[in-house]
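In what follows, a single structure is set out as structure tokens and then discussed.
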Amino acid sequence: MSNYKEYYIILEVKEMTFKTADLWDEFNEELQACKLAFHSYGKKKRFSGPIATVKVFEDNVLVKEALQSVPKGSVLVVDGDGSRNCALLGDRLGEIAQNRELAGVIINGCARDTADLAELEIGVLAIGSIPVKSKKEGKGERDIVLHFGEVEWVPGHYVYADEDGVVLSPRPLV
């Protein structure tokens with residue numbers, strides 16, 4: 001059992017110390033770099049994991065469902081079509097992500113309750129913040145390939161995020 005514990009400690013240390021710039025330098029021929037500017041709202045500024053996807057528009061019901069069901073360590077990528085009219089993630093959904101030990105959430109849309117999100121042990125990237133809550137109609141799609149930021153977000157591929165930006169890989173790199 002101690003071998004497993006050591007493996008996870010080593011894995012956690014590696015994940016905490018990667019830099020997207022270094023990953024790009026070493027693996028750029030197989031990586032994509034997201035061209036969308038994000039703001040960081042979670043406590044973790046550096047996070048990575050396998051991608052799970054949701055596509056919605058001003059409705060976060062499927063976001064909540066995904067947060068409750070995607071595997072531990074995942075990064076939920078939410079394409080909200082870049083809408084700044086309402087938030088797709090707030091403190092309650094952020095707590096679900098933290099409690100389920102997701103690595104993070106990346107939103108092509110807005111977040112709210114940002115002071116509370118800053119206290120959560122997850123990564124949260126969004127294009128902005130707004131106090132307005134979303135609709136609750138349950139419309140959208142899950143587990144599909146998304147296209148925003150001039151990259152392709154493929155479920156099961158890997159994403160690496162830090163203060164420099166976001167890169168995507170078809171395989172784990174750290």
Legend entry - Residue count, the range 85-132 (criterion: charged (D, E, K, R) and touching a residue at least 60 places away in the same chain (Cβ under 8 Å)): 2
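Residues that are of a type outside the set (D, E, K, R), open to solvent by less than 40 Å² (accessible area, probe 1.4 Å) and not in a strand (DSSP E or B): does the range 155-172 have at least one? Spell out how you get there, then give the answer.
Initially, the range 155-172 is screened for residues of a type outside the set (D, E, K, R), giving 155-161, 165-170, 172.
Right, trim to open to solvent by less than 40 Å² (accessible area, probe 1.4 Å) and you get 159-161, 165-169.
After this cut, where a residue has to be not in a strand (DSSP E or B) as well, the list is none.
No: zero hits.
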Legend entry - In the range 71-128, the residues that are of a type in the set (Ser, Thr, Tyr) and closer than 26 Å to residue 152 by Cβ: 74, 83
Legend entry - Leading residue by the ranking (farthest from residue 78 (Cα to Cα)) among those in the range 138-154 that are touching a helix residue (DSSP H, G or I) at 6+ places or on another chain (Cβ under 7 Å) and surrounded by fewer than 18 Cβ atoms within 10 Å (Cβ to Cβ): 138
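The values are calculated or read from the model by the stated rules, or taken from the named source; none is laboratory data. For clarity, every value in this text was computed on a predicted model and none was experimentally measured. Quick reminder, even Gly has a Cβ in these numbers, built from the backbone with ideal geometry, and neighbours come from all protein chains shown. We work out accessible area using only protein heavy atoms, side chains counted, and drop any ligands, DNA or RNA first. Shrake-Rupley method; radii C 1.70, N 1.55, O 1.52, S 1.80 Å.
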